[in-house]
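Have a look at this one before I ask anything.
The values are calculated or read from the model by the stated rules, or taken from the named source; none is laboratory data. As the structure is a computational prediction, the values presented were derived from the model and not from experiment. Glycine also receives a Cβ, built like all others from the backbone with ideal geometry; neighbour counts cover every protein chain displayed.
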Amino acid sequence: MRARNQHHHVVAYDHASHKVSRDNLALLGELRNAVGADQLRLHYQPKLLLADNSLVGAEALMRWEHPERGMIPPDQFIPQAEKSSIINELTVWALRSAVTQQSQWCAMRGMEQLKVAVNISVHDLMVPGFHDVVLQTLEQGNLDNGNLELEVTESALMEDIATSVDVLKRLSGANVIISIDDFGTGYSSLKYLDLLPTAAIKIDQSFVFRMARDAGSRQIVQAAIGLAHSLGMRVIAEGVETEENYSMLRDMGCDIAQGFFISRPLASEKFPGFSFQQQ
Ligand code: C2E
Ligand code: MG
Ligand code: MG
Ligand code: MG
């Protein structure tokens, strides 16, 4: 079983994604067992403060180590999971794992202030008692609430804004950090920015990719930074793949950067060895 896993691990994403799109239904059935069978993994992508290149956080990103299909990326199973209650099980698993991991890192020198970010689905916010589950997980993991960040995508929030606002306010009131993910890709974003207890926005990577070549994208990024700052929020840029983008974002006043230029998402055992090598 082990050797099999490792073999397919090498075959990786492309091969897997073809097969996955062909039979999503079978996959969803298997996903029900994935948590119990210990097939889910979190990889952690470093986030750097642009002002001084210091490590401030990590985003936990889920992968499914499937025994036959190899490592399956989240885009291939999270959208399916979101169509059923499986997503809630995945979220609870991710919260537990990330909180446990983070409380271990907090005991390491220089990593006490690190914030771990977990992606949650709007469907999680609709589960009665979700905020209690989050707070209990933090308590059981012996982690400060302020060390946990929850990333929610803006477009999804609109589905039931009243419930979303209520749950996120409770969590934010307990010091958990709330961020809006993929900012700029949703709709009605300005109205809801004001309603939601948002500590940070994450500018969608599509704007960051185009920024260096396209004045329009650059202006959108600049405006988003100004807007967020005027509302007292921090700005995280994702998809930072080049040094050019990294320094451009710093010059534009963006607070935090995340992307392949800094590091790819890392397996948990590799994360403490990360250090930023500026080229
Ligand atoms: P996201 O939350 O917007 O995460 C950022 C995605 O961009 C990640 O893809 C990350 O690996 C990728 N990325 C980071 N830096 C760069 C870069 O410089 N260039 C490029 N091209 N890509 C970069 P990943 O890990 O495949 O995750 C995709 C999406 O799946 C996430 O988007 C998130 O929406 C969802 N997801 C991942 N893990 C979870 C989870 O535990 N729960 C839920 N509900 N969703 C998750
Ligand atoms: Mg995210
Ligand atoms: Mg994003
Ligand atoms: Mg995304």
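Just give me the residues in the range 55-70 being more than 7 Å from ligand 1 (Cβ to nearest atom) and either under 16 Å from the mean Cα position of the chain (by Cα) or crowded, with 19+ Cβ neighbours inside 10 Å (or both), in sequence order.
As a first pass, look at the range 55-70 and keep what is more than 7 Å from ligand 1 (Cβ to nearest atom): 55-58, 63-70.
If the condition is that a residue be more than 7 Å from ligand 1 (Cβ to nearest atom) and either under 16 Å from the mean Cα position of the chain (by Cα) or crowded, with 19+ Cβ neighbours inside 10 Å (or both), then LEU55, VAL56, GLY57, ALA58, ARG63, TRP64, HIS66, ARG69, GLY70 are the ones that fit.
May I pose another question? Take the range 164-199 and flag every residue that is outside any loop (DSSP other than H, G, I, E, B), within 19 Å of MET126 (Cα to Cα) and touching a strand residue (DSSP E or B) at 6+ places or on another chain (Cβ under 8 Å).
Quick first cut of the range 164-199, residues outside any loop (DSSP other than H, G, I, E, B) only: 164-173, 177-183, 189-195.
Still in the list and also within 19 Å of MET126 (Cα to Cα): 164-173, 177-181, 192, 195.
Across the range 164-199, the qualifying residues are SER164, LEU168, LEU171, SER172, ILE177, ILE178, SER179, ILE180, ASP181.
All but one of (1) within 18 Å of GLY259 (Cα to Cα); (2) free of Cβ contacts under 8 Å to residues at least 60 places away in the same chain hold for SER164, so report the exception by its number.
Against the list (1) within 18 Å of GLY259 (Cα to Cα); (2) free of Cβ contacts under 8 Å to residues at least 60 places away in the same chain, SER164 comes up short only on (1).
Report yes if ASP124 is within 16 Å of ligand 4 (Cβ to nearest atom), closer than 18 Å to TYR192 by Cβ and surrounded by 14 or more Cβ atoms within 10 Å (Cβ to Cβ), otherwise no. Walk me through how you get there before you give the answer.
Details: within 16 Å of ligand 4 (Cβ to nearest atom): yes; closer than 18 Å to TYR192 by Cβ: yes; surrounded by 14 or more Cβ atoms within 10 Å (Cβ to Cβ): yes.
So ASP124 fits the description; yes.
Still on this structure: Can you name the residue in the range 170-192 that is touching a Leu at 6+ places or on another chain (Cβ under 8 Å) and at pLDDT 85 or above and is also surrounded by the fewest Cβ atoms within 10 Å (Cβ to Cβ) among such residues?
Restricting to residues being touching a Leu at 6+ places or on another chain (Cβ under 8 Å) and at pLDDT 85 or above, the top hit is ALA174.
Another question about this same structure. If you go through the range 264-273 one residue at a time, do you hit one that is at positive phi and surrounded by 14 or more Cβ atoms within 10 Å (Cβ to Cβ)?
Within the range 264-273, the first condition is being at positive phi, and the residues that meet it are none.
No, the conditions are met nowhere in the range 264-273.
Taking the condition more than 16 Å from ligand 4 (Cβ to nearest atom), modelled with pLDDT under 95 and not aromatic (Phe, Trp, Tyr), does GLU154 pass? Write out each step before concluding.
On the way: more than 16 Å from ligand 4 (Cβ to nearest atom): no; modelled with pLDDT under 95: yes; not aromatic (Phe, Trp, Tyr): yes.
Taking the combined requirement at face value, the residue does not satisfy it.
Within the set of pairs 6+ apart or on separate chains, which have a first residue in the range 251-279 that is hydroxyl-bearing (Ser, Thr, Tyr), a second that is assigned to a loop (DSSP other than H, G, I, E, B), and C-beta atoms under 9 Å apart?
So the pair list comes out as SER263/PHE274; SER263/PHE276.
Next question. Residues in the range 206-229: is at least one buried (at least 21 other Cβ atoms within 10 Å of the Cβ) and not in a helix (DSSP H, G or I)? I'd like the intermediate steps shown before the answer.
Start the filter on the range 206-229 by keeping residues that are buried (at least 21 other Cβ atoms within 10 Å of the Cβ), which leaves 207-208, 211, 221, 224-225, 228.
Keeping just the survivors that are not in a helix (DSSP H, G or I) gives none.
No, that holds for no residue.
Among the residues of the range 233-267 satisfying the criterion of being more than 22 Å from ARG213 (Cβ to Cβ) and either of a type in the set (A, V, I, L, M, F, W, C) or modelled with pLDDT under 95 (or both), which is nearest to ligand 4 (Cβ to nearest atom)?
Going through the range 233-267, the residues more than 22 Å from ARG213 (Cβ to Cβ) turn out to be 233-234, 255-256, 263-267.
Pick out the ones that are also either of a type in the set (A, V, I, L, M, F, W, C) or modelled with pLDDT under 95 (or both) and you get 233, 256, 266-267.
On the way: MET233: 19, ILE256: 16, LEU266: 18, ALA267: 20 Å.
Per the criteria, the residue is ILE256.
Could you check how many residues of the range 55-98 are in a helix (DSSP H, G or I) and not hydroxyl-bearing (Ser, Thr, Tyr)?
Residues of the range 55-98 that are in a helix (DSSP H, G or I), as a first pass: 74-76, 78-81, 86-98.
Cutting the leftovers down to not hydroxyl-bearing (Ser, Thr, Tyr) gives us 74-76, 78-81, 86-90, 92-96, 98.
Matching residues across the range 55-98 total 18.
Scan (1) over 14 Å from the mean Cα position of the chain (by Cα); (2) crowded, with 19+ Cβ neighbours inside 10 Å; (3) of a type in the set (S, T, N, Q) for the single condition THR91 breaks and write down its number.
(1)
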